[in-house]
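Visitor: Have a look at this one before I ask anything.
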Amino acid sequence: QRQLVESGGGLVQPGGSLRLSCVASGFTFSWYTMAWYRQGPGKERELVATIRIPGGSTNYADSVKGRFTISRDNTKSTVYLQMNNLKPEDTAVYYCSAPAYNLWGQGTQVTVSS
C-alpha cells in the first residue's frame, strides 16, 4: 500500500527555521518526482516546491524562493523541505505528494508566530 508520512511541523517564531520530512513506502521512491504543497487558513492548496526525476531538478513558488530548499534521499525514501527565514504568511498545513500516483500525506501543521 502506497503511503506518505510527513513530520517536522510545529510552532516557530518569524525568522526561524524548520525542516519537514516525508517518508514514502509502497512504491519505488527513486523513480518518481516528489512535491510539497501547502494550504493556509482560508486559502487554496498551493504548490511550494518540486524535485524531479531524473536529474533532481527543483522548482519553487515565487513566495518561497531563496528561503526554502527541497531535497531527497533515495536511500531513505525520504523527501525534505528545509524552510528558513519563516514568515507569518508561511503558516499552513504542509503536504507531501507523489503526483504520479495522486498520492498525499496526512499533512503537518506549520505555524509562524511571535
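Visitor: Have a look at MET83, TYR37, GLN3 and report the one farthest towards the positive end of the charge dipole of the chain, computed about the Cα centre with Cβ charges (Lys/Arg +1, Asp/Glu -1).
Guide: Of MET83, TYR37, GLN3, it is GLN3.
Visitor: Separate question: Sort out the exposed loop trypsin sites (Lys or Arg not before Pro) in the chain (DSSP loop, at most 16 other Cβ within 10 Å) and tell me the longest stretch that has none. Mind dumping the intermediate values first?
Guide: Values: sites that count: ARG2, LYS43, ARG45, ARG52, LYS65, ARG67, LYS76.
The reported range is 3-42.
Visitor: Based on the Cβ-Cβ distance of ASP73 and GLU46, what FRET efficiency does E = 1/(1 + (r/R0)^6) give at R0 = 30 Å, to the nearest 0.05?
Guide: 0.75
Visitor: Can you work out the accessible area per residue across region 5-62, with the rest of the protein chains kept in place, probe 1.4 Å, in square angstrom? It would help to have the intermediate numbers written out before the result.
Guide: Numbers: 3150 Å² over 58 residues.
Result: 54 Å² per residue.
Visitor: Quick one: net charge of GLY105's neighbours, Cβ under 13 Å, K/R +1, D/E -1?
Guide: Numbers: positive: ARG2, ARG38, ARG45; negative: GLU6.
Charge balance in the 13 Å sphere: +2.
Visitor: How far apart, in nm, are two points set 7 Å out from the Cα along the Cα-to-Cβ line at ASN85 and at TRP31?
Guide: Those two pseudo-labels are separated by 3.9 nm.
Visitor: With charges set only on the Cβ (+1 for Lys and Arg, -1 for Asp and Glu), what does the dipole of the chain come to about its Cα centre, in debye to the nearest 20?
Guide: Details: 11 positive and 7 negative charges, 33 e Å.
Around 160 debye, computed over the chain.
Visitor: Evaluate the charge dipole of region 1-62 about its Cα centre and quote only its size in Debye, nearest 20, assuming +1 on the Cβ of each Lys and Arg and -1 on the Cβ of each Asp and Glu.
Guide: For region 1-62, the charge dipole is close to 100 debye.
Visitor: At a threshold of 8 angstrom on Cα-Cα distance, excluding pairs fewer than six apart, so keeping six or more, what relative contact order does the chain reach in percent?
Guide: On the way: 276 pairs, mean separation 42.6, N = 114.
It comes to 37 percent, rounded to a whole number.
The values are calculated or read from the model by the stated rules, or taken from the named source; none is laboratory data. What you are looking at is a predicted structure, and each value in this text was computed from that prediction instead of being measured. Glycine gets a Cβ as well: all are built from the backbone with ideal geometry, and neighbour counts include every protein chain shown. Note: areas computed on protein heavy atoms with side chains; ligands, DNA, RNA excluded. Shrake-Rupley method; radii C 1.70, N 1.55, O 1.52, S 1.80 Å.
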